[in-house]
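Below is one structure, written out as structure tokens; comments come after it.
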């Protein structure tokens, strides 16, 4: 891993609102590492694709099914209103346990719609 690649991963994690513990849990769950310095080139390529940062391969679509910015903002706002803690770490834990993703940005549009519906229901 180059310093530029490491900085890219750290900047992405910061934009996701991940604290150090959540970031390391995310790395472990997705790449089997607790530091991005231990990732190899293939894993970095997987990270780029997962984060939506990789340019599409010829003939490959650009994740048309990823949630929209509006859906993501709605999830974050609803979580802030409904959850006891309202922080991104607790949202990440809830998403991972219930939806199998570590970040709302990993949801598809249809998953995001179901998450929003679940968050809007009373007594969720």
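The values are calculated or read from the model by the stated rules, or taken from the named source; none is laboratory data. Since the model is a prediction, treat every value here as computed from it, not as a measurement. Cβ coordinates were reconstructed from backbone atoms using ideal geometry, including for glycine residues, and neighbour counts include every protein chain displayed.
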Matching residues, region 83-108, being surrounded by fewer than 16 Cβ atoms within 10 Å (Cβ to Cβ) and part of a helix (DSSP H, G or I): 89, 90, 93, 97, 98
Only residues that are surrounded by 15 or more Cβ atoms within 10 Å (Cβ to Cβ) and within 21 Å of residue 12 (Cα to Cα): list them for region 109-120, please. 112
Identify all residues within region 1-56 that are farther than 14 Å from residue 105 by Cβ, surrounded by 15 or more Cβ atoms within 10 Å (Cβ to Cβ) and in contact (Cβ under 8 Å) with a residue 60 or more places away in the chain; write none if there are none. 25
Give the residues of region 88-109 that are in contact (Cβ under 8 Å) with a residue 24 or more places away in the chain and out of contact with any helix residue (DSSP H, G or I) (no Cβ under 8 Å at 6 or more places or on another chain), sorted by residue number. 108
If residue 44 passes every condition in (1) in the same structural domain as residue 13 (by TED's automatic domain parsing); (2) at pLDDT below 85; (3) touching a helix residue (DSSP H, G or I) at 6+ places or on another chain (Cβ under 8 Å) but one, which one does it miss? (2)
